[in-house]
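The values are calculated or read from the model by the stated rules, or taken from the named source; none is laboratory data. All values reported here derive from a predicted model rather than from experimental measurement. Using ideal geometry, Cβ is built from the backbone for each residue, glycine included, and neighbour counts are taken over all protein chains shown.
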(Lines give C-alpha, C1' and ligand atoms only; values in the text may rest on other atoms or scores of the structure.)
Protein backbone atom coordinates (compact mmCIF):
# COMPACT_ATOMS: atom_id res chain seq x y z
CA UNK A 1 0.00 0.00 0.00
CA UNK A 2 1.03 3.61 -0.41
CA UNK A 3 2.82 5.10 2.55
CA UNK A 4 3.54 8.70 3.35
CA UNK A 5 4.29 11.15 6.15
CA UNK A 6 4.40 10.38 9.81
CA UNK A 7 1.92 8.05 11.46
CA UNK A 8 3.22 5.07 9.51
CA UNK A 9 2.33 1.66 10.88
CA UNK A 10 4.66 -0.62 12.78
CA UNK A 11 6.29 1.40 15.55
CA UNK A 12 9.12 0.08 17.70
CA UNK A 13 7.24 0.02 21.00
CA UNK A 14 6.32 -3.32 22.60
CA UNK A 15 3.16 -4.83 21.17
CA UNK A 16 0.27 -6.28 23.12
CA UNK A 17 -1.53 -9.56 22.58
CA UNK A 18 -4.63 -11.15 24.02
CA UNK A 19 -4.15 -12.47 27.55
CA UNK A 20 -3.74 -16.25 27.52
CA UNK A 21 -5.51 -16.64 30.87
CA UNK A 22 -8.77 -14.85 30.02
CA UNK A 23 -8.55 -15.15 26.20
CA UNK A 24 -8.73 -11.38 25.86
CA UNK A 25 -11.94 -11.04 27.87
CA UNK A 26 -10.39 -9.22 30.83
CA UNK A 27 -12.26 -11.51 33.22
CA UNK A 28 -12.41 -15.15 34.22
CA UNK A 29 -15.17 -17.37 35.57
CA UNK A 30 -14.72 -18.87 39.01
CA UNK A 31 -16.67 -20.50 41.78
CA UNK A 32 -19.54 -18.43 43.15
CA UNK A 33 -19.10 -16.80 46.54
CA UNK A 34 -20.64 -18.59 49.50
CA UNK A 35 -23.24 -15.84 49.84
CA UNK A 36 -24.28 -16.15 46.21
CA UNK A 37 -24.26 -19.94 46.41
CA UNK A 38 -26.62 -20.08 49.39
CA UNK A 39 -28.86 -17.37 47.93
CA UNK A 40 -29.24 -19.39 44.74
CA UNK A 41 -29.88 -22.64 46.58
CA UNK A 42 -32.43 -20.94 48.84
CA UNK A 43 -34.20 -19.78 45.69
CA UNK A 44 -34.41 -23.38 44.51
CA UNK A 45 -31.75 -23.14 41.80
CA UNK A 46 -29.85 -26.36 41.20
CA UNK A 47 -27.20 -24.80 38.95
CA UNK A 48 -25.52 -21.78 40.53
CA UNK A 49 -24.00 -19.42 37.93
CA UNK A 50 -20.25 -19.04 38.12
CA UNK A 51 -18.88 -15.67 39.19
CA UNK A 52 -17.18 -13.39 36.68
CA UNK A 53 -14.01 -11.88 38.16
CA UNK A 54 -11.40 -9.48 36.86
CA UNK A 55 -8.43 -11.32 35.40
CA UNK A 56 -5.45 -10.87 37.74
CA UNK A 57 -2.93 -11.63 35.00
CA UNK A 58 -3.85 -8.68 32.76
CA UNK A 59 -5.54 -6.42 35.37
CA UNK A 60 -8.80 -6.60 33.47
CA UNK A 61 -7.74 -5.12 30.11
CA UNK A 62 -7.55 -8.45 28.26
CA UNK A 63 -4.02 -7.81 26.96
CA UNK A 64 -0.45 -8.60 27.95
CA UNK A 65 2.80 -7.04 26.71
CA UNK A 66 4.56 -9.06 24.05
CA UNK A 67 7.51 -8.56 21.75
CA UNK A 68 5.40 -8.71 18.61
CA UNK A 69 1.81 -8.73 17.46
CA UNK A 70 0.42 -12.28 17.48
CA UNK A 71 0.11 -14.20 14.23
CA UNK A 72 -3.31 -14.08 12.58
CA UNK A 73 -4.64 -17.66 12.73
CA UNK A 74 -8.05 -16.65 11.40
CA UNK A 75 -8.29 -16.84 7.62
CA UNK A 76 -11.12 -14.28 7.47
CA UNK A 77 -10.07 -10.74 6.54
CA UNK A 78 -11.78 -7.67 8.00
CA UNK A 79 -11.66 -4.62 5.72
CA UNK A 80 -11.97 -1.19 7.33
CA UNK A 81 -12.97 1.80 5.20
CA UNK A 82 -11.35 4.83 6.81
CA UNK A 83 -8.03 5.24 8.60
CA UNK A 84 -9.04 7.87 11.14
CA UNK A 85 -9.05 7.38 14.90
CA UNK A 86 -11.89 4.83 14.92
CA UNK A 87 -10.52 2.78 12.03
CA UNK A 88 -6.99 2.77 13.44
CA UNK A 89 -8.20 1.73 16.91
CA UNK A 90 -10.30 -1.09 15.46
CA UNK A 91 -7.37 -2.36 13.38
CA UNK A 92 -5.13 -2.46 16.44
CA UNK A 93 -7.76 -4.20 18.59
CA UNK A 94 -8.30 -6.89 15.93
CA UNK A 95 -4.59 -7.49 15.38
CA UNK A 96 -4.00 -7.81 19.11
CA UNK A 97 -6.45 -10.70 19.01
CA UNK A 98 -4.94 -12.42 16.00
CA UNK A 99 -7.53 -11.29 13.44
CA UNK A 100 -6.47 -10.22 9.95
CA UNK A 101 -7.38 -6.65 9.06
CA UNK A 102 -6.64 -4.15 6.31
CA UNK A 103 -7.49 -0.45 6.45
CA UNK A 104 -8.29 1.50 3.28
CA UNK A 105 -7.84 5.27 3.57
CA UNK A 106 -8.82 7.77 0.87
CA UNK A 107 -6.01 10.22 1.74
CA UNK A 108 -2.76 9.72 -0.14
CA UNK A 109 -0.64 10.26 2.99
CA UNK A 110 -0.89 10.91 6.71
CA UNK A 111 -0.66 14.70 6.35
CA UNK A 112 -2.69 15.00 3.13
CA UNK A 113 -5.40 17.06 4.87
CA UNK A 114 -6.30 18.42 8.29
CA UNK A 115 -7.86 15.78 10.55
CA UNK A 116 -9.54 18.20 12.92
CA UNK A 117 -7.39 20.09 15.36
CA UNK A 118 -7.57 18.83 18.90
CA UNK A 119 -9.78 16.61 20.99
CA UNK A 120 -10.51 16.05 24.65
CA UNK A 121 -10.03 12.51 25.91
CA UNK A 122 -12.94 11.71 28.20
CA UNK A 123 -14.35 8.18 28.48
CA UNK A 124 -12.31 7.29 25.40
CA UNK A 125 -9.29 7.12 27.71
CA UNK A 126 -10.68 3.88 29.09
CA UNK A 127 -10.83 2.47 25.56
CA UNK A 128 -7.15 3.36 25.13
CA UNK A 129 -6.36 1.42 28.29
CA UNK A 130 -8.00 -1.65 26.78
CA UNK A 131 -5.67 -1.25 23.80
CA UNK A 132 -2.67 -1.22 26.13
CA UNK A 133 -2.05 2.51 25.55
CA UNK A 134 -1.76 5.37 28.03
CA UNK A 135 -3.71 8.61 28.03
CA UNK A 136 -1.47 11.42 26.77
CA UNK A 137 -1.70 15.15 26.16
CA UNK A 138 -2.06 18.38 28.14
CA UNK A 139 -4.22 17.85 31.24
CA UNK A 140 -6.55 20.69 32.26
CA UNK A 141 -7.63 21.45 35.82
CA UNK A 142 -10.23 24.23 35.48
CA UNK A 143 -13.16 25.10 33.22
CA UNK A 144 -14.54 28.67 33.32
CA UNK A 145 -17.48 30.27 31.51
CA UNK A 146 -17.51 34.03 30.80
CA UNK A 147 -19.61 36.78 29.31
CA UNK A 148 -17.85 38.83 26.60
CA UNK A 149 -16.91 41.55 29.13
CA UNK A 150 -15.11 39.00 31.32
CA UNK A 151 -17.87 38.46 33.90
CA UNK A 152 -17.56 34.93 35.29
CA UNK A 153 -20.68 32.82 34.82
CA UNK A 154 -19.30 29.71 36.50
CA UNK A 155 -16.22 27.63 37.22
CA UNK A 156 -15.53 23.99 37.97
CA UNK A 157 -12.57 21.65 38.16
CA UNK A 158 -9.87 20.47 40.54
CA UNK A 159 -8.27 23.88 41.02
CA UNK A 160 -11.64 25.31 42.02
CA UNK A 161 -12.32 22.60 44.61
CA UNK A 162 -8.84 22.23 46.08
CA UNK A 163 -10.23 21.31 49.51
CA UNK A 164 -11.67 18.07 48.12
CA UNK A 165 -8.57 17.19 46.09
CA UNK A 166 -7.67 14.08 48.13
CA UNK A 167 -11.14 12.61 47.70
CA UNK A 168 -11.49 13.16 43.95
CA UNK A 169 -10.70 10.75 41.15
CA UNK A 170 -11.81 7.41 42.61
CA UNK A 171 -8.24 6.32 43.24
CA UNK A 172 -6.96 7.21 39.77
CA UNK A 173 -3.52 8.71 39.24
CA UNK A 174 -3.06 12.48 39.31
CA UNK A 175 -3.10 12.94 35.55
CA UNK A 176 -5.84 10.40 34.93
CA UNK A 177 -8.28 12.34 37.13
CA UNK A 178 -8.30 15.12 34.54
CA UNK A 179 -9.24 15.28 30.87
CA UNK A 180 -6.36 15.23 28.41
CA UNK A 181 -6.26 17.52 25.38
CA UNK A 182 -4.17 16.59 22.35
CA UNK A 183 -4.04 17.02 18.57
CA UNK A 184 -6.19 14.48 16.75
CA UNK A 185 -3.26 13.62 14.52
CA UNK A 186 -1.11 12.74 17.55
CA UNK A 187 -3.68 10.20 18.73
CA UNK A 188 -4.07 8.85 15.20
CA UNK A 189 -0.29 8.49 14.87
CA UNK A 190 -0.09 6.70 18.23
CA UNK A 191 -2.70 4.14 17.18
CA UNK A 192 -1.22 3.56 13.72
CA UNK A 193 2.30 3.17 15.11
CA UNK A 194 1.19 0.05 16.99
CA UNK A 195 -0.40 -1.69 14.00
CA UNK A 196 1.47 -4.18 11.84
CA UNK A 197 3.38 -2.92 8.77
CA UNK A 198 1.21 -2.86 5.65
CA UNK A 199 -2.06 -2.55 7.57
CA UNK A 200 -2.98 0.83 6.12
CA UNK A 201 -3.47 1.29 2.38
CA UNK A 202 -3.25 4.98 1.43
CA UNK A 203 -5.04 6.40 -1.61
CA UNK A 204 -7.95 3.96 -1.48
CA UNK A 205 -11.26 5.87 -1.50
CA UNK A 206 -14.13 3.40 -1.21
CA UNK A 207 -16.61 4.07 -4.01
CA UNK A 208 -19.06 1.22 -3.40
CA UNK A 209 -19.23 -2.37 -2.16
CA UNK A 210 -20.99 -5.57 -3.24
CA UNK A 211 -22.04 -8.03 -0.54
CA UNK A 212 -22.71 -11.72 -1.18
CA UNK A 213 -22.91 -14.95 0.82
CA UNK A 214 -19.13 -15.38 0.94
CA UNK A 215 -17.98 -11.85 1.67
CA UNK A 216 -17.72 -8.29 0.40
CA UNK A 217 -16.11 -6.85 -2.75
CA UNK A 218 -14.71 -3.34 -2.34
CA UNK A 219 -14.56 -1.01 -5.34
CA UNK A 220 -12.34 2.07 -5.15
CA UNK A 221 -12.03 5.27 -7.14
CA UNK A 222 -8.81 6.34 -8.79
CA UNK A 223 -8.25 3.12 -10.70
CA UNK A 224 -7.31 1.00 -7.67
CA UNK A 225 -8.11 -2.71 -8.11
CA UNK A 226 -11.12 -4.31 -6.44
CA UNK A 227 -10.35 -5.92 -3.06
CA UNK A 228 -12.11 -8.78 -1.31
CA UNK A 229 -12.81 -9.34 2.39
CA UNK A 230 -15.13 -11.42 4.55
CA UNK A 231 -16.33 -8.40 6.55
CA UNK A 232 -16.44 -4.63 5.99
CA UNK A 233 -16.46 -1.95 8.68
CA UNK A 234 -17.41 1.53 7.50
CA UNK A 235 -15.33 3.95 9.58
CA UNK A 236 -15.29 6.55 6.82
CA UNK A 237 -16.68 9.49 8.72
CA UNK A 238 -19.73 11.71 8.70
CA UNK A 239 -20.07 11.66 4.89
CA UNK A 240 -19.52 7.90 4.78
CA UNK A 241 -19.95 6.18 1.43
CA UNK A 242 -20.56 2.94 3.30
CA UNK A 243 -23.41 4.46 5.32
CA UNK A 244 -24.96 6.12 2.28
CA UNK A 245 -25.06 2.81 0.38
CA UNK A 246 -26.51 0.95 3.38
CA UNK A 247 -29.24 3.57 3.63
CA UNK A 248 -30.14 3.49 -0.04
CA UNK A 249 -28.41 6.76 -0.89
CA UNK A 250 -29.88 8.80 1.98
CA UNK A 251 -27.25 10.28 4.32
CA UNK A 252 -29.87 11.15 6.96
CA UNK A 253 -27.75 14.12 8.03
CA UNK A 254 -29.46 17.02 9.79
CA UNK A 255 -27.95 20.50 9.61
CA UNK A 256 -27.78 22.06 13.08
CA UNK A 257 -27.97 25.66 11.89
CA UNK A 258 -24.46 26.67 12.99
CA UNK A 259 -21.03 26.91 11.43
CA UNK A 260 -17.98 25.84 13.46
CA UNK A 261 -14.63 27.62 12.98
CA UNK A 262 -11.36 26.19 14.30
CA UNK A 263 -7.96 27.81 14.78
CA UNK A 264 -4.79 27.49 16.83
CA UNK A 265 -2.08 29.88 17.98
CA UNK A 266 0.33 30.56 20.82
CA UNK A 267 -1.15 32.15 23.94
CA UNK A 268 0.69 33.20 27.12
CA UNK A 269 -2.37 34.34 29.07
CA UNK A 270 -3.07 32.60 32.39
CA UNK A 271 -6.40 31.31 31.06
CA UNK A 272 -4.42 29.27 28.52
CA UNK A 273 -2.30 27.60 31.20
CA UNK A 274 -3.74 24.07 31.56
CA UNK A 275 -7.24 25.52 31.59
CA UNK A 276 -10.35 25.43 29.43
CA UNK A 277 -12.67 28.40 29.05
CA UNK A 278 -15.65 29.44 26.99
CA UNK A 279 -17.21 32.83 26.36
CA UNK A 280 -20.70 33.34 24.96
CA UNK A 281 -23.22 36.08 24.33
CA UNK A 282 -26.33 34.04 23.56
CA UNK A 283 -25.56 33.71 19.86
CA UNK A 284 -21.79 33.45 19.40
CA UNK A 285 -19.60 31.10 21.44
CA UNK A 286 -15.82 30.79 21.70
CA UNK A 287 -14.30 27.73 23.36
CA UNK A 288 -10.54 27.62 24.08
CA UNK A 289 -8.52 24.63 25.26
CA UNK A 290 -4.88 23.48 25.35
CA UNK A 291 -3.58 22.12 22.05
CA UNK A 292 0.03 21.18 22.78
CA UNK A 293 2.70 21.89 25.38
CA UNK A 294 5.72 21.83 23.02
CA UNK A 295 5.26 24.27 21.41
CA UNK A 296 2.69 25.78 23.75
CA UNK A 297 -0.40 26.32 21.62
CA UNK A 298 -4.10 26.81 22.31
CA UNK A 299 -6.97 25.78 20.07
CA UNK A 300 -10.10 27.88 19.71
CA UNK A 301 -13.50 26.88 18.44
CA UNK A 302 -15.99 29.53 17.36
CA UNK A 303 -19.63 28.76 16.56
CA UNK A 304 -22.52 30.96 15.45
CA UNK A 305 -25.81 30.60 13.52
CA UNK A 306 -25.59 30.59 9.73
CA UNK A 307 -27.58 29.14 6.86
CA UNK A 308 -26.29 25.88 5.42
CA UNK A 309 -25.55 27.50 2.06
CA UNK A 310 -23.58 30.35 3.67
CA UNK A 311 -21.76 27.92 5.97
CA UNK A 312 -20.62 25.77 3.05
CA UNK A 313 -19.42 28.81 1.14
CA UNK A 314 -17.60 30.44 4.06
CA UNK A 315 -15.97 27.20 5.26
CA UNK A 316 -13.84 27.11 2.09
CA UNK A 317 -12.18 30.48 2.82
CA UNK A 318 -9.85 30.73 5.81
CA UNK A 319 -9.42 34.50 5.43
CA UNK A 320 -13.19 35.07 5.55
CA UNK A 321 -13.52 32.81 8.58
CA UNK A 322 -10.81 34.68 10.48
CA UNK A 323 -12.28 38.06 9.53
CA UNK A 324 -15.72 36.99 10.77
CA UNK A 325 -14.20 35.69 14.02
CA UNK A 326 -12.52 39.06 14.65
CA UNK A 327 -15.67 40.95 13.69
CA UNK A 328 -17.73 39.02 16.20
CA UNK A 329 -15.22 38.66 19.04
CA UNK A 330 -12.54 41.32 18.51
CA UNK A 331 -13.91 43.36 21.41
CA UNK A 332 -14.29 40.50 23.89
CA UNK A 333 -12.18 39.98 27.01
CA UNK A 334 -8.53 38.93 26.87
CA UNK A 335 -7.02 36.77 25.54
CA UNK A 336 -9.67 36.15 22.85
CA UNK A 337 -8.86 39.08 20.50
CA UNK A 338 -5.13 38.41 20.78
CA UNK A 339 -5.55 34.67 20.18
CA UNK A 340 -7.68 35.25 17.08
CA UNK A 341 -5.30 37.88 15.70
CA UNK A 342 -2.26 35.62 16.17
CA UNK A 343 -3.85 32.76 14.26
CA UNK A 344 -2.43 32.33 10.77
CA UNK A 345 -5.02 32.16 7.99
CA UNK A 346 -3.72 28.74 6.93
CA UNK A 347 -4.46 27.47 10.46
CA UNK A 348 -8.15 28.43 10.26
CA UNK A 349 -10.76 25.98 9.03
CA UNK A 350 -14.52 25.71 9.26
CA UNK A 351 -17.41 23.39 8.60
CA UNK A 352 -21.20 23.25 8.88
CA UNK A 353 -22.26 21.19 11.92
CA UNK A 354 -24.44 18.13 11.35
CA UNK A 355 -25.82 15.22 13.33
CA UNK A 356 -28.24 12.35 12.73
CA UNK A 357 -30.92 10.69 14.81
CA UNK A 358 -29.03 7.79 16.44
CA UNK A 359 -31.71 5.23 15.61
CA UNK A 360 -32.41 6.36 12.05
CA UNK A 361 -31.50 4.15 9.11
CA UNK A 362 -29.65 0.87 8.69
CA UNK A 363 -26.32 0.54 10.53
CA UNK A 364 -25.41 -3.02 9.55
CA UNK A 365 -26.12 -6.03 7.37
CA UNK A 366 -24.81 -9.57 7.74
CA UNK A 367 -21.28 -8.64 6.63
CA UNK A 368 -21.16 -4.83 6.81
CA UNK A 369 -21.28 -2.61 9.90
CA UNK A 370 -20.68 1.08 10.66
CA UNK A 371 -18.45 2.67 13.31
CA UNK A 372 -18.00 6.17 14.71
CA UNK A 373 -19.34 9.16 12.77
CA UNK A 374 -20.44 6.87 9.94
CA UNK A 375 -22.91 5.30 12.38
CA UNK A 376 -23.79 8.18 14.70
CA UNK A 377 -22.53 11.65 13.72
CA UNK A 378 -23.12 14.17 16.48
CA UNK A 379 -22.73 17.80 17.39
CA UNK A 380 -19.11 18.72 18.25
CA UNK A 381 -20.02 20.68 21.37
CA UNK A 382 -19.53 17.87 23.89
CA UNK A 383 -16.34 16.55 22.32
CA UNK A 384 -17.80 13.07 22.00
CA UNK A 385 -17.05 12.14 18.38
CA UNK A 386 -13.58 10.65 18.82
CA UNK A 387 -14.41 9.26 22.26
CA UNK A 388 -17.43 7.39 20.93
CA UNK A 389 -15.44 6.08 17.96
CA UNK A 390 -12.87 4.64 20.38
CA UNK A 391 -15.61 3.05 22.47
CA UNK A 392 -17.13 1.55 19.31
Discussion item. Restricting to the stretch 305-328, name every residue that is under 29 Å from the mean Cα position of the chain (by Cα) and closer than 17 Å to residue 344 by Cα.
Written reply: 314, 315, 316, 317, 318, 319, 320, 321, 322, 324, 325
Discussion item. Please go through the stretch 185-215 and give me each residue that is touching a residue at least 60 places away in the same chain (Cβ under 8 Å), within 26 Å of the chain's Cα centre (by Cα) and in a strand (DSSP E or B), ordered by number.
Written reply: 200, 201, 202, 206, 209
Discussion item. Residues to consider are 150, 137; find the one that is under 23 Å from residue 263 (Cβ atoms), out of contact with any strand residue (DSSP E or B) (no Cβ under 8 Å at 6 or more places or on another chain) and at pLDDT 90 or above.
Written reply: 150
Worksheet item: Which of the residues that make up the stretch 34-63 are loosely packed, with under 12 Cβ neighbours inside 10 Å and over 22 Å from residue 132 (Cα atoms)?
Response: 34, 35, 41, 42, 43, 44, 45, 46, 47, 49
Worksheet item: What number of residues within the stretch 332-372 satisfy the criterion of being under 18 Å from residue 320 (Cβ atoms), under 22 Å from the mean Cα position of the chain (by Cα) and assigned to a loop (DSSP other than H, G, I, E, B)?
Response: 1
Fill in: Residues located in the stretch 81-139, provided they are within 14 Å of the chain's Cα centre (by Cα) and assigned to a strand (DSSP E or B)
118, 119, 120, 121
